[in-house]
Every structure is written in structure tokens, then in C-alpha cells.
Amino acid sequence: MGAKDLYKLFIDTGAFIALIDERDSMHQASKTFYASLSKRTNLMTSIMVISETYTWLRYHAGRDLAIRFLDIIDRSEKAGALQVILPDNGTMGKVHAVLKKYHDQDLSYTDAVSFVILEIMNIQDVFGFDSHFYIIKRNLWPSVKPGER
């Protein structure tokens, strides 16, 4: 099975937080969705998402949970279960254009980097809860009802 046979799924900050923080309102839905993924799923995220998730966990859920998150990321990368994308100069060169194009949206810098990565790597599906991904016509998983998050 080649890389083309794999289903690509980008993991966003909200999904990581929901998976690791049992107090999160989407914890159970995230666990169920994650458990349903095929072994053919190529899980991907970016260093920007890792940074944003660590920072959120550190300030909202505590140092221990933030460190546990990093340990899980490290183990997942070493096991080949997760690819952490380090944006190159070409990727970063497009970020400001995305922020300017969508100036009317409440995008974070990490959102813009994610948009560019999804475009460059032709990733259609996102594990997360940020409705901004609908702007660029991506599928957001798990499906949640409006107002549920």
C-alpha cells in the first residue's frame, strides 16, 4: 500500500484538546471518532498546532496535562502514527496572503498556516471543531450540531 492509498486527516488544536482533556465537552465524541479511524488513516498536524495546543493546555488545564500531551506527540511520531509538518519557507510565504484574503474572518496565525498546509498537501478532512475550515471547503470531523461545541 503506497502513500496514495492512505486517507489523510489533519488534526487541529480543538481535537487534541478534546482528546486529552476529559473535562472538554467534546471529549467523548473525539474519543469515539478517533477510535473509529482506519489504520489506513495518515494522521497529520503541524508544529503550529502542537504549539497552540501545548500553550492552551498549559494555561487552561495545567502543566502536567500539557507535558503529557507532548509525550503522546513524541511517542506517536516515533511510532509513525502521526506526521508533524514543519512549514517550509514556501508554505510560510503564503500565510500572510491567506490572512489578508480572509481579513473579515477571526483567523489565528495557526489557522492560516493550517489552511496553506491543507491546500499544498491536498488534505480535505480535518479532525477538529473550528468552523473556519468550512471557509476553504474542508470537511470537519466529527460532525457536531451547531452550538454543540
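The values are calculated or read from the model by the stated rules, or taken from the named source; none is laboratory data. What you see is a predicted model, and the numbers here were worked out from it, not measured in a lab. Methodologically, a virtual Cβ is constructed for each residue, glycine included, from the backbone with ideal geometry; neighbour enumeration extends over all protein chains shown. Areas reflect the complete protein model, heavy atoms only, side chains present, ligands, DNA and RNA absent. Shrake-Rupley method; radii C 1.70, N 1.55, O 1.52, S 1.80 Å.
On a C-alpha basis, how far is the centre of the stretch 42-75 from the centre of the stretch 109-143 in Å? Whole number, if you could?
19
State the percentage of accessible surface on the chain attributable to carbon and sulfur atoms; use a 1.4 Å probe and exclude ligands, DNA and RNA.
52
Among the GluC sites (Glu not before Pro) in the stretch 1-94, which ones are in a DSSP loop with at most 14 other Cβ atoms within 10 Å of the Cβ? Mind listing them?
22
Local charge sum around residue 30 (other residues, Cβ-Cβ under 10 Å, Lys/Arg +1, Asp/Glu -1)?
Around residue 30, the charge tally is -1.
In the stretch 13-69, which trypsin sites (Lys or Arg not before Pro) are in a loop and have at most 16 other Cβ atoms within 10 Å, using DSSP for the loop call?
23, 39, 40
Need the list of lysines near residue 8 for cross-linking: C-alpha distance under 22 angstrom, and skip anything on the same chain fewer than eight residues off.
Filter leaves 31, 39, 78, 94, 137.
Label residue 105 and residue 88 with points 7 Å out from Cα along Cα→Cβ: what is the distance between them in nm?
Distance between label points: 2.5 nm.
Would you mind getting the accessible area per residue of the stretch 1-90, heavy atoms of the protein chains only, 1.4 Å probe, in Å²?
For the stretch 1-90, the per-residue accessible area is 59 Å².
How much of the pair distance distribution for the chain lies past 26 Å, counting alpha-carbon pairs only, in percent?
Value for the chain (Cα pairs over 26 Å): 22 percent.
Placing +1 on the Cβ of each Lys and Arg and -1 on the Cβ of each Asp and Glu in the stretch 73-117, which of 103, 93, 76 has its Cα farthest towards the positive end of the resulting dipole?
The residue sitting farthest along the positive end of the dipole is 93.
Filter the DSSP H helices in the chain by two things, a Kyte-Doolittle mean of at least 1.0 and an axial alpha-carbon span of 15 angstrom or more, and list the hits by number.
Membrane-span-like by this criterion, though nothing is claimed about a membrane: 109-120.
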